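Here the structure comes first, spelled out in structure tokens, and everything after it is commentary.
Just so it is clear, none of the values below were taken in a lab; they were calculated from the coordinates. Fair warning: this is a prediction, and the values are worked out from it, not measured in the lab. Here the Cβ positions follow ideal geometry from the backbone for every residue, glycine too, while neighbour counts run over all protein chains shown.
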Amino acid sequence: MPKTAKAKKKVPKFKTKITSKVKLAVKPIIKISKTYIPKDTEKYMCEKHKVFFRIKLNEWKKELVKANNEALYNGSMDDNSISADIVDQASSYTDKNVEMKAINRQIKLISEIDKALIRIKDDTYGYCLDTAEPIGLKRLMARPVAKYTIAAQEKHEKNEKVYADE
């Protein structure tokens, strides 16, 4: 019997050419100098302003995280020194309590910074959450996490005081 050759299956080769006509909106990368300061003469919340505040917020956040980590590390080191003197123990407890409150405030501030960074991405940064009016560069320079104009902030603080008194 003659040797039978295995029949090769012919698999059709497809030449596929994938073409995509989807164009992604890519924002150009804006670079600013380290000495750049937003000016009132520029269009409010232009890309330069957003980059400036994004950098400012990220640097602030890094500083707060570093300070919190150092405080927590140093605080944990002090736990080993328990004094027999009750006055020293009370003083140490008070110091730790004050320190923990400061850390908690900083953690809340980090959360506010994260929210401000999200508003930059959403193109809502720099505009009042109540009135949608521009907050103003001077206010944002002083308080980069500001969410309200001065008038709206005062209104919120009055409402908080009224509800706190009840």
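Can you list the HN-Hα couplings for region 128-145, worked out from phi with the Karplus curve (6.51, -1.76, 1.60; θ = phi - 60°), rounded to whole Hz and with x for Gly and Pro?
Values, residue by residue: 4, 6, 8, 9, 6, 7, x, 6, x, 5, 4, 5, 5, 5, 6, 9, x, 9 Hz.
Ranking Y73, Y125, Y36 by Cβ neighbours within 10 Å, fewest first, what do you get? Don't skip to the end; give the middle numbers.
On the way: Y73 9, Y125 24, Y36 13.
Listing Y73, Y125, Y36 from fewest to most nearby Cβ atoms yields Y73, Y36, Y125.
Please list 3J(HN,Hα) in residue order for region 98-114, calculated via the Karplus relation 6.51 cos²θ - 1.76 cosθ + 1.60 where θ = phi - 60°; whole Hz, with x for glycine and proline.
Computed from phi, the couplings for region 98-114 are 4, 4, 5, 5, 5, 5, 4, 4, 5, 5, 5, 5, 4, 4, 5, 5, 4 Hz.
List every residue whose amide H lies under 5 Å from the amide H of Y127, counting only residues 5 or more places away in sequence or on a different chain, with H placed 1.01 Å from N in the peptide plane.
Distant-sequence amide H within range of Y127: I135.
Per Stokes-Einstein, at 4 °C and 1.567 mPa s, what whole-number D in µm² s⁻¹ belongs to region 45-156, with the Kirkwood radius over Cα pairs as the hydrodynamic radius? Display every interim value, and only then the final one.
Working: Rh = 16.3 Å.
This corresponds to a translational diffusion coefficient of 79 µm²/s.
Semi-axes, largest first, in whole Å: what does sqrt of 5 times each Cα gyration tensor eigenvalue give for region 87-134?
On the way: eigenvalues 298, 21, 4 Å².
Working from the Cα gyration tensor, I get semi-axes of 39, 10, 5 Å.
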